[in-house]
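Shown next, in structure tokens, is the structure this report addresses.
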Protein chains: 2
Amino acid sequence: MILKAPIRGLFCVHPNASDYFCGMSDQRFSYEQLTRFVQSVFEKIGCPVPDAQLATQALLSADLRGIDSHGVARLSGYVRLWEVGRVNARPNIRIIHETPSTAVVDGDGGLGLIVATRAMSIAIEKAKQVGTGWVSVQNSNHFGIAAFHAMQAMEQDMIGWAMTNASPLVAPTFSKDRLLGTNPICVAAPAGEEPSFVADLATTTAANGKLEILQRKKQNTPTGWVQDAEGNSAHDPNILKQGGALLPLGGDREHGSHKGYALGAIVDLFSALLSGANYAPWVPPFPAYVPMPSEQPGKGIGHFLGAMRVDAFRPVEEYKKHMDHWIRGFRNAAPIDPSQPVIIPGDPEREAELERKAYGIPLMESVVNDLSQLAHQLGVNPL
Amino acid sequence: MILKAPIRGLFCVHPNASDYFCGMSDQRFSYEQLTRFVQSVFEKIGCPVPDAQLATQALLSADLRGIDSHGVARLSGYVRLWEVGRVNARPNIRIIHETPSTAVVDGDGGLGLIVATRAMSIAIEKAKQVGTGWVSVQNSNHFGIAAFHAMQAMEQDMIGWAMTNASPLVAPTFSKDRLLGTNPICVAAPAGEEPSFVADLATTTAANGKLEILQRKKQNTPTGWVQDAEGNSAHDPNILKQGGALLPLGGDREHGSHKGYALGAIVDLFSALLSGANYAPWVPPFPAYVPMPSEQPGKGIGHFLGAMRVDAFRPVEEYKKHMDHWIRGFRNAAPIDPSQPVIIPGDPEREAELERKAYGIPLMESVVNDLSQLAHQLGVNPL
């Protein structure tokens, strides 16, 4: 079933909305249709049914929220990791150390989608007991979008944190070497009558997905996104294939890239130095065909999840009243261009979700073909 | 006593080191000399001796670390706030709500230098008990540099966090209005044989102190630092006096300013929405002559302090071994320019401290004159 696309352009004005959305050749699929397909794939590689359901929900939350680079487009990538033995479909996820407010979780090589969800449940349980809960994770894999995990806390009137390290694509300020991942930070905070505040940001000027969009459009990157193998400012969106690097948020020293670098480092610290996962250039790459780093100081990829009970600080109603006031103050701030009001973090993704639930999720032709081949290879029903 | 200045230029190559350092007309004063003077001022306005000692140590940590904009240059600013009744020299700092891992502290209008230090002590005590401690603070004032507070945790083999909101000078992406402070985030993490990792960053492209340097030099700001009152890109370092605004880290939307804006918002959330302090444009201004905002949704300025016991996650020795490995990996990364190696967050400030402890702290003539007038006004011994 291919859903008919709605009128185009509605969301393209949103700066955070994926440019994929505007692709005229995209086919749309319902969320339910994609759910059936993705779950069948996860079951086929051996995930227990509840895990397959959870992994599907986590993965497709990216597609719903318009973060197409992190959703079903990566499904075959996870399967390739499973094929080479780098994803364990039946992991024994367990706490290896804990205090009342903290834990370290060994993900046993499981899908990060599952491991991080379990870790967040542990953080939430600890917050129920002592006000906050903080879980650092080792021996995991790519966990999808950070927001999916952080947002779990909001259902309990808690503020959620999620971070993860990732394959090294980012050069620290002053270096030619790729030593950090795009290392995102997400904070999800509930409000009252207003929609919640969900800030989910890579600690780079632009994430890799944005380069892929420009590659397809055959357009150059703006200054401050990438450098070449020698560390010179570059504008070629394919430069990472030639030894180039993504730049930390800020772009260059004059524009604060040392801050983006420090933020990426902080994510590495909480995700890996506290858990015993690999860090810096030793983080395992997501593409299964990329050789593993020769040195492995830790285990797998690392994440960091946190949950903070609002009422561990102040009455929830007081907090929500002030959050609504804060949000309205920003939403109604004087715009520079009247056609572009101030955006609250999480607005574009929430609007994308409403639209995609109603009209289906658009997939590029290359993704549809990839999923078709995957179905054929695994012997599951095609989309 | 004016110390003889060392050979100039040694630290000027460091991008984080203050440009004040290079002023040829600066006088140098020993740390002990400044300590005696500053403490006498805090005692004169009524601070109990232990509080005056602590406030002096916190304030001068900025001068030692090369963050001249936040040190003794602000002393008269604190006194002006005391004069208009906005600083309480004998506050009753108390916990108004707590759980095993959290607390909210009412600073009773005290010096932020004192209030935040007490709040960090509470966070550390909670971490000793349950692994981590998190304290949100209301009814406080400017707390000096975030690093002073975060670094307290390292003495106990803990990782420290410090954030604070501040007077609104920053426009969120797409707006003309100044709704956020420079809202810094600091994370201080101990290492083993290597010096510790201390990232202390304003969530703007450049902090206000950098504009002051350019004002004195009569130079323009780079693109992406400030905008004018209408939201146009600007290069005049005096633009804030004409209704302009600092820009969030990233500068503009194409370069990720929505991420800097989100980070500044996160600081506001933890510092004020969780504590009941004022937030967004309602944060009280630091200069006593600037009128208070007409609306006061909360109390005073807000801070957020956190302490995480390393051994609540893993054995300290394992963590330190990996931190040293991480730090060496970055320090030895291939530089773009061989004369400018990669910097670990905290390196320039630590080097400034070594140099200033040995050769004294340079103060600009205008600051020396201001302190001289302050001594005269209060009847304390001049510098």
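Along segment B:365-378, what does the Karplus equation 6.51 cos²θ - 1.76 cosθ + 1.60 (θ = phi - 60°) give for ³J(HN,Hα), rounded to whole Hz, x for Gly and Pro?
Each residue's phi maps through the Karplus curve to give 4, 5, 6, 4, 5, 4, 5, 5, 5, 5, 4, 4, 4, 8 Hz.
For a quick protection proxy, order the peptides B:340-352, A:172-184 by their average other-Cβ count within 10 Å, most packed first.
Highest mean packing first, the order is A:172-184, B:340-352.
Subtracting the Cα-Cα distance from 0.36 nm times the residue separation, let me have the gained length for residue B:216 to residue B:194 in nm, one decimal.
4.2 nm
Compute the projected area of the convex hull of the Cα atoms of chain B, averaged over all viewing directions, and report it in nm² to one decimal place.
19.0 nm²
Using only atoms on other chains, find how many Cβ atoms lie within 10 Å of each Cβ of peptide B:268-275 and report the average.
Counting other chains' Cβ atoms within 10 Å and averaging over B:268-275 gives 5.
Can you pull the one-decimal nm distance between simple spin-label points at residue A:242 and residue B:129, each 7 Å off the Cα toward Cβ?
Placing both labels 7 Å beyond Cα along the Cβ direction yields 6.0 nm.
Expressed as a whole number of Å, what is the distance separating the alpha-carbon centroids of segment B:155-189 and segment B:351-383?
27 Å
At a 10 Å Cβ-Cβ cut-off, how would you order A:249, B:75, B:374, fewest neighbours first?
Least to most surrounded, the residues fall as B:374, B:75, A:249.
What residues have an amide H closer than 5 Å to that of residue B:28, excluding those fewer than 5 places away on the same chain, when H is modeled at 1.01 Å from N in the peptide plane?
Placed amide hydrogens put B:3, B:363 under 5 Å from residue B:28.
Over all residues in A:308-315, what is the mean tally of Cβ atoms on other chains that come within 10 Å of each residue's Cβ?
6
May I ask you to derive the FRET efficiency for residue B:357 and residue A:366 from their Cβ-Cβ distance with R0 = 60 Å, giving the value to the nearest 0.05?
Efficiency, rounded to the nearest 0.05: 0.50.
Considering only DSSP states other than H, G, I, E and B, which GluC sites (Glu not before Pro) in segment A:140-215 qualify as loop sites with at most 12 other Cβ atoms within 10 Å?
A:193
Taking neighbour Cβ counts within 10 Å as the exposure measure, how do B:326, B:82 sort from fewest upward?
Lowest to highest Cβ neighbour count: B:82, B:326.
Only loop residues by DSSP count here, and only those with at most 10 other Cβ atoms within 10 Å; note down the chymotrypsin sites (Phe, Trp or Tyr not before Pro) in segment A:257-300 that meet that.
A:289
Quick one: Kirkwood hydrodynamic radius for the protein assembly as shown, alpha-carbon pairs, angstrom, one decimal?
Radius from the Kirkwood sum: 26.4 Å.
At residue A:254 and residue B:233, where each label point lies 7 Å from the Cα along Cα→Cβ, what is the point-to-point distance in nanometres?
With each label point 7 Å from Cα toward Cβ, the separation is 1.2 nm.
Which of B:240, A:269 has the fewest other C-beta atoms within 10 Å, and how do the rest follow up to the most?
Listed from fewest to most nearby Cβ atoms, that is B:240, A:269.
First obtain the Kirkwood hydrodynamic radius of segment A:94-316 from its Cα pairs, then insert it into the Stokes-Einstein equation at 37 °C and 0.692 mPa s, and state the resulting D in µm² per second as a whole number.
For the chosen part, D equals 184 µm²/s.
So which lysines pass the test for residue A:259, namely a Cα distance under 18 Å, with those fewer than 8 places away in the same chain ruled out?
A:176, B:210, B:259
List, in the order given, every pair from A:128/B:128; A:218/A:241; A:218/A:357; A:321/B:128 whose Cα-Cα distance in the structure shown is over 22 Å.
Those over the limit are A:218/A:357; A:321/B:128.
Which ³J(HN,Hα) values in Hz, rounded to whole numbers, follow from the phi angles of segment B:265-270 under the Karplus curve 6.51 cos²θ - 1.76 cosθ + 1.60, where θ = phi - 60° and Gly and Pro get x?
Each residue of segment B:265-270 in turn: 5, 4, 4, 4, 4, 6 Hz.
Can you list residues whose amide H is under 5 Å from residue B:175's amide H, if they're 5+ apart or on another chain and H is modeled 1.01 Å from N?
A:336
Pop the C-beta distance of residue A:289 and residue B:350 into the FRET formula with R0 = 30 Å and round what comes out to the nearest 0.05.
So the FRET efficiency works out to roughly 0.10.
For residue A:102, enumerate residues with amide H under 5 Å from its amide H, sequence gap 5+ or separate chain, H modeled in the peptide plane.
Those qualifying (amide H under 5 Å, at least 5 residues apart or on another chain) are A:134.
How large is ³J(HN,Hα), in whole Hz, for each residue of segment A:60-67 in order, when computed from phi with the Karplus curve 6.51 cos²θ - 1.76 cosθ + 1.60 and θ = phi - 60°, using x for Gly and Pro?
3J(HN,Hα) across segment A:60-67, in whole Hz: 6, 4, 5, 5, 4, 8, x, 9.
Read the figures in this text as sums done on the coordinates, not as results from a lab. Just so it is clear, the model here is predicted, and its values are computed rather than measured. Glycine also receives a Cβ, built like all others from the backbone with ideal geometry; neighbour counts cover every protein chain displayed.
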